[in-house]
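**Q** Before we start, here is the structure in question, set down as structure tokens.
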Amino acid sequence: MADPVEPSAPAVTLDGTVERFVYRDQDSHFTVARFSVEGDPLGTTIVGELVNLTEGVPLRLHGQWVQDRKWGRQFRVESYQLKTPETLVGIERFLGSGLIPGVGAELARRMVEKFGMDTLEIIGRAPERLTEVSGIGASRAKKIAEAWFAQHHVQDVMVFLRGHGVSPAFAARIVKRYGKDAINVVRENPYRLAREVWGIGFRTADGIAQKLGIARDADSRVEAGLLHVLDENLEQGHLHLPDELLVSETATLLEVAAERVRQRLAALVQAHLVVPELLGSRGSCSSLPWVHATEVEAASLLAELVKEPTRFIDLDVDEAISAFEVVTAMELAPQQRHAVRAALQDKCVVITGGPGVGKTTIVRAISHLSRLGRRKVALAAPTGRAAKRLAEATGLEAMTIHRLLEYQPQTQTFGRGKLTPLEADLIVVDEASMIDLTIFHALLLAVRPAAQLVLVGDIDQLPSVGAGAVLGDVISSEAATVIRLTEIFRQAAESRIVVSAHQINAGALPDLSPPAAGTTETSDFYFISREEPQAARATVVELVAERIPARFGLDPFSAVQVLTPMHRGELGTQALNAALQARLNPAAEDRPELTRGERVFRLGDKVMQLRNDYDRGVYNGDIGVVSAVVRDDDMLRVDFGDTRIAEYERAELDQLVLAYAVSVHKSQGSEYPAVVIPVATQHYMMLQRSLLYTAVTRGKRLVVLVGSKKAVGMAVRNAAARQRFTYLAERLRQALA
């Protein structure tokens, strides 16, 4: 990151020409370029957000000189404008730069040869004269003039938007969306940007509106605020909001009267931008149209599935279960037998329970006995890691739900749906607590009414990251046969991890005492008291780097994972990743690195993918290791295992974060040999029973809690995870009544 030589120095103006681009980010438009300045034969390096420019373009730059720690002296561009070339060579190069489509170097030479210093004025004022140039007809002259005006219009719009605090990256999107009408759209209703331009949220649009002088209680502002509050609550998991809550939150956000908000809510309903409903004891509620339609159709599809008779299975289920026990040398408990029997006979089944209760054995039995009964089985899970574990447990192919439904990233649609359903007779979905409403709806669209659906998951874990509470709603709807597994098997009961997890889930403080003094036996569950956050962080680093590898022989990179409730703070992912990277993979001459903003990615670093990338075959939550850094190409490679090597250019590094420490939410659906969990009172906003329970159940061989006993107690006692406003269960009951 560059540091200004004089932070308070006034802006400097530079006139010159873009010689060549060193680096350009297509998304953010951050650019590094060589810039020639009159009187400076060496030129200079400029950095900043430069949009819609080509090499050879003359510019007037406004900005400051800065001293970058790595690259030296640079000119940081704060704003810029096109500058009319002042020489024949400059005009020729400007026209031939590619800035105007259809004009190349040769045509530019002929135009300048014909009109000299008047060339640009003729294009702007008398474009019909361009036909005097060999190779330019009336049609081509018209296109050149249109491109010339469009280019100048873009610059006018960019200047206008920059003057109202809009970044060049967002300004470019606005121009692309609205074209020549961009300035009028922004002036008339800047809140349209929040709904119609990707990446621009309410707060950005509101900032523009304030600079334009739009009244605090203007119709457009209040309506945009209401839609923003619905969107924000959707990100918190809610599919609708009671009107009183929606009105009060919006009134607080906008600092306007509640009655004014109610008036504009009615206007949004009339414009069909909000769907109103009376939802039981909640009274009047509002939702976004697409969210309402998705929940209504999901309920209808599941009801349709449940109502359809089960296809006869040519198999004596009890005899088949007994035969499975003989072949596998496993004896199923009564609850497990009941679960397998239900999954083979009932239309929709939910199998839920905590660690050590035999869910994996049940899935294995269901899969193999269904195939024995000549039923085609499809196994799926929300994440790639969960799908891989499912395949390993059953010995059968398993895939992500997205892959099962043949997701098309280019169109963001699924190849499987109502008209192209899955051929499977039985669909088993593991880690079902992670399924949100959108993916559940897509799955139901692709399930034939004659098929069966089995959802396997732990209802006591954290709810899905996406909106909805699908597993809980299906259970409470009574639309499915629900099997609750409660018996902990003997081998699992010997694990303090399993016992502690069940104690936490029951609202009891787990045994945090250390093993008896003098004993040589190792435990699989430890608590280390550290009241101060800085001390806790130092202990976490020491555990990962030294103590766990020395005591348990586990590799700190591949086998030990730090899970934390938050991203910020002394014990958040950002601070922990910085500390762990410095200890496990410090900067060195033989470890090349690439930077992206404040992030540093170094050869050997442990990293996580942040979103699904179907072209690369890597998915949200996948963890890999940086296997190569190619500085000359501004690129790095990440080894995600299973022969998956993905390449990332510098501009694409926003898809990655360091993964020595990850959030508990990101760990859902994963298991690790060892987990280290900081638990501090500074996490009080996130200290919930379901969060601690989810974190502890991620560890297979070892779990270490580091922090405050008081914080552990706070989490265990806090069972009141925020209720999600959904209505899927009620809609299902109504559809089945």
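The values are calculated or read from the model by the stated rules, or taken from the named source; none is laboratory data. None of these values were measured; they are calculated from a predicted model. Backbone-built Cβ (ideal geometry, glycine too); neighbour counts: all protein chains shown. Calculation scope for accessible area: heavy atoms of the full protein, side chains included, ligands and nucleic acids excluded. Shrake-Rupley method; radii C 1.70, N 1.55, O 1.52, S 1.80 Å.
**Q** For the range 303-327, which positions are in a helix (DSSP H, G or I) and either over 20 Å from Phe489 (Cβ atoms) or touching a helix residue (DSSP H, G or I) at 6+ places or on another chain (Cβ under 8 Å) (or both)? Step through it out loud before you land on a result.
**A** Applying the first criterion (in a helix (DSSP H, G or I)) to the range 303-327 yields 303-307, 317-327.
Of everything in the range 303-327, those that are in a helix (DSSP H, G or I) and either over 20 Å from Phe489 (Cβ atoms) or touching a helix residue (DSSP H, G or I) at 6+ places or on another chain (Cβ under 8 Å) (or both) turn out to be Ala303, Glu304, Leu305, Val306, Lys307, Val317, Asp318, Glu319, Ala320, Ile321, Ala323, Phe324.
**Q** Another question, if that's okay. Taking the range 445-457 as the region of interest, how many residues are open to solvent by 10 Å² or more (accessible area, probe 1.4 Å) and outside any loop (DSSP other than H, G, I, E, B)?
**A** Of all residues in the range 445-457, those open to solvent by 10 Å² or more (accessible area, probe 1.4 Å) come to 445, 447-450.
Of the ones still in play, those that are also outside any loop (DSSP other than H, G, I, E, B) are 445.
Of the residues in that region, 1 qualify.
**Q** Kindly indicate whether Glu232 is under 29 Å from the mean Cα position of the chain (by Cα), surrounded by fewer than 16 Cβ atoms within 10 Å (Cβ to Cβ) and in contact (Cβ under 8 Å) with a residue 12 or more places away in the chain.
**A** Values: under 29 Å from the mean Cα position of the chain (by Cα): yes; surrounded by fewer than 16 Cβ atoms within 10 Å (Cβ to Cβ): yes; in contact (Cβ under 8 Å) with a residue 12 or more places away in the chain: no.
Criteria not met by Glu232.
**Q** Can you go through Glu223, Glu235, Glu188 and tell me which one is farther than 22 Å from Ser286 by Cα and among the acidic types (Asp, Glu)?
**A** Criteria check complete, one pass: Glu188.
**Q** Name the strands (runs of 3 or more DSSP E) wholly inside the range 631-671 in which the number of residues that are farther than 23 Å from Ala381 by Cα and touching a residue at least 12 places away in the same chain (Cβ under 8 Å) is 3 or more. Before you say what the answer is, go through the steps one by one.
**A** Working: elements: 635-639, 645-649, 656-658, 661-663.
Here the list reads 635-639, 645-649.
**Q** In the range 696-733, which residues are assigned to a strand (DSSP E or B) and open to solvent by 30 Å² or more (accessible area, probe 1.4 Å)?
**A** Let us first name the residues in the range 696-733 that are assigned to a strand (DSSP E or B), namely 699-707.
Of everything in the range 696-733, those that are assigned to a strand (DSSP E or B) and open to solvent by 30 Å² or more (accessible area, probe 1.4 Å) turn out to be Lys700, Arg701.
**Q** If we keep just the residues of the range 118-132 that are assigned to a helix (DSSP H, G or I) and not charged (D, E, K, R), which is most open to solvent (accessible area, probe 1.4 Å)? Before you say what the answer is, go through the steps one by one.
**A** Within the range 118-132, the subset assigned to a helix (DSSP H, G or I) is 118-125, 127-132.
Imposing the further condition that a residue be not charged (D, E, K, R) reduces the set to 119-120, 122-124, 127, 130-131.
Details: Thr119: 0, Leu120: 20, Ile122: 17, Ile123: 0, Gly124: 24, Pro127: 30, Leu130: 0, Thr131: 66 Å².
Here the residue is Thr131.
Okay, residues lined up against (1) touching a strand residue (DSSP E or B) at 6+ places or on another chain (Cβ under 9 Å); (2) open to solvent by 30 Å² or more (accessible area, probe 1.4 Å); (3) aromatic (Phe, Trp, Tyr):
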| site | (1), (2), (3) |
| --- | --- |
| Gln335 | yes, yes, no |
| Arg341 | no, yes, no |
| Leu344 | yes, no, no |
| Cys348 | yes, no, no |
| Gly354 | yes, no, no |
| Val357 | yes, no, no |
| Val363 | yes, no, no |
| Leu369 | no, no, no |
| Arg374 | no, yes, no |
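**Q** Quick test of your reading of the structure: Asn612 fulfils all but one of (1) at pLDDT 95 or above; (2) within 22 Å of the chain's Cα centre (by Cα); (3) polar (S, T, N, Q). Name the failing condition by number.
**A** Among (1) at pLDDT 95 or above; (2) within 22 Å of the chain's Cα centre (by Cα); (3) polar (S, T, N, Q), the lone unmet condition for Asn612 is (1).
**Q** Can Ile504 be described as of a type in the set (Val, Ile, Thr), touching a residue at least 40 places away in the same chain (Cβ under 8 Å) and under 30 Å from Glu235 (Cα atoms)? Before the answer, list the steps.
**A** Numbers: of a type in the set (Val, Ile, Thr): yes; touching a residue at least 40 places away in the same chain (Cβ under 8 Å): yes; under 30 Å from Glu235 (Cα atoms): yes.
Considered against the rule, which asks whether it is of a type in the set (Val, Ile, Thr), touching a residue at least 40 places away in the same chain (Cβ under 8 Å) and under 30 Å from Glu235 (Cα atoms), Ile504 comes out as yes.
**Q** Being within 19 Å of Glu295 (Cβ to Cβ) and in a helix (DSSP H, G or I) is the filter; apply it to the range 235-267 and report the residue that is most open to solvent (accessible area, probe 1.4 Å). Give the steps one after another, and end with the answer.
**A** The first filter runs over the range 235-267 and keeps only residues within 19 Å of Glu295 (Cβ to Cβ), leaving 235-243, 245-246.
From the residues that got through so far, the ones that are in a helix (DSSP H, G or I) too are 235, 243, 245-246.
Working: Glu235: 143, Asp243: 33, Leu245: 54, Leu246: 0 Å².
Residue satisfying both the conditions and the ranking: Glu235.
**Q** Residues of the range 555-608 being farther than 29 Å from Trp71 by Cβ and among the acidic types (Asp, Glu), which ones?
**A** Within the range 555-608, Asp555, Glu570 meet the criteria.
**Q** Ser433 - would you say it is part of a helix (DSSP H, G or I), more than 29 Å from His665 (Cβ to Cβ) and either in contact (Cβ under 8 Å) with a residue 24 or more places away in the chain or among the basic types (Lys, Arg) (or both)? Can you show your working first?
**A** On the way: part of a helix (DSSP H, G or I): yes; more than 29 Å from His665 (Cβ to Cβ): no; either in contact (Cβ under 8 Å) with a residue 24 or more places away in the chain or among the basic types (Lys, Arg) (or both): yes.
So Ser433 does not fit the description; no.
**Q** Another one. Answer yes or no as to whether Ala251 is at pLDDT 95 or above, over 27 Å from His665 (Cβ atoms) and not charged (D, E, K, R).
**A** Details: at pLDDT 95 or above: yes; over 27 Å from His665 (Cβ atoms): yes; not charged (D, E, K, R): yes.
Yes.
**Q** Any residue in the range 33-60 that is within 23 Å of Arg173 (Cα to Cα) and open to solvent by 60 Å² or more (accessible area, probe 1.4 Å) sitting within a Cβ distance under 7 Å of a residue that is among the hydrophobic types (A, V, I, L, M, F, W, C) and in a strand (DSSP E or B)? List the pairs, counting only those 6 or more apart or interchain.
**A** Glu49/Phe30; Glu55/Val18; Glu55/Phe21
**Q** Which pairs have Cβ atoms under 8 Å, sit 6 or more apart or on different chains, and link a residue in the range 192-221 that is on the phi > 0 side of the Ramachandran plot to one that is basic (Lys, Arg) and part of a helix (DSSP H, G or I)?
**A** Within 8 Å, the pairs are Gly199/Arg173.
**Q** Right, something else. Condition first: surrounded by fewer than 19 Cβ atoms within 10 Å (Cβ to Cβ), among the polar types (S, T, N, Q) and closer than 29 Å to Phe35 by Cα. Can you find one or more residues in the range 133-145 that meet it?
**A** The answer is no, given that none of the residues of the range 133-145 is surrounded by fewer than 19 Cβ atoms within 10 Å (Cβ to Cβ), among the polar types (S, T, N, Q) and closer than 29 Å to Phe35 by Cα.
**Q** Take the residues of the range 94-119 that are among the basic types (Lys, Arg) and in contact with an Asp or Glu (Cβ under 9 Å, 6 or more places away or on another chain): which is nearest to Asp15 (Cα to Cα)?
**A** Let us first name the residues in the range 94-119 that are among the basic types (Lys, Arg), namely 109-110, 114.
Retained after the next criterion (residues that are in contact with an Asp or Glu (Cβ under 9 Å, 6 or more places away or on another chain)): 109, 114.
Values: Arg109: 24, Lys114: 27 Å.
By that ranking, first place goes to Arg109.
**Q** Would you be able to say whether some residue in the range 278-294 is within 27 Å of Val454 (Cα to Cα), out of contact with any Gly (no Cβ under 7 Å at 6 or more places or on another chain), among the aliphatic types (A, V, I, L, M) and assigned to a helix (DSSP H, G or I)?
**A** Yes, that holds for at least one residue.
**Q** Could you say whether any residue in the range 681-695 is touching a residue at least 60 places away in the same chain (Cβ under 8 Å), part of a loop (DSSP other than H, G, I, E, B) and more than 23 Å from the chain's Cα centre (by Cα)?
**A** Within the range 681-695, none of the residues are touching a residue at least 60 places away in the same chain (Cβ under 8 Å), part of a loop (DSSP other than H, G, I, E, B) and more than 23 Å from the chain's Cα centre (by Cα).
**Q** List every residue pair whose Cβ atoms lie under 8 Å apart, where the two residues are 6 or more positions apart in sequence or sit on different chains, the first residue falls within the range 62-91 and is closer than 19 Å to Val166 by Cα, and the second residue, located anywhere, is modelled with pLDDT of 75 or more and of a type in the set (Asp, Glu).
**A** His62/Glu78; Gly63/Glu78; Val77/Glu49
**Q** Right, something else. Across the range 370-416, what is the number of residues that are of a type outside the set (D, E, K, R), without any contact (Cβ under 8 Å) to a residue 40 or more places away in the chain and part of a loop (DSSP other than H, G, I, E, B)?
**A** 6
**Q** Mind listing just one residue for me: the one in the range 90-107 that is among the aliphatic types (A, V, I, L, M) and closer than 20 Å to Arg24 by Cβ and, of those, modelled with the lowest pLDDT? Give the steps one after another, and end with the answer.
**A** Step one: list which residues in the range 90-107 are among the aliphatic types (A, V, I, L, M), which gives 91, 95, 99-100, 103, 105, 107.
Subsequent filtering for residues that are closer than 20 Å to Arg24 by Cβ retains 99-100.
Details: Leu99: 66, Ile100: 73.
Checked the range 90-107; the qualifying residue modelled with the lowest pLDDT is Leu99.
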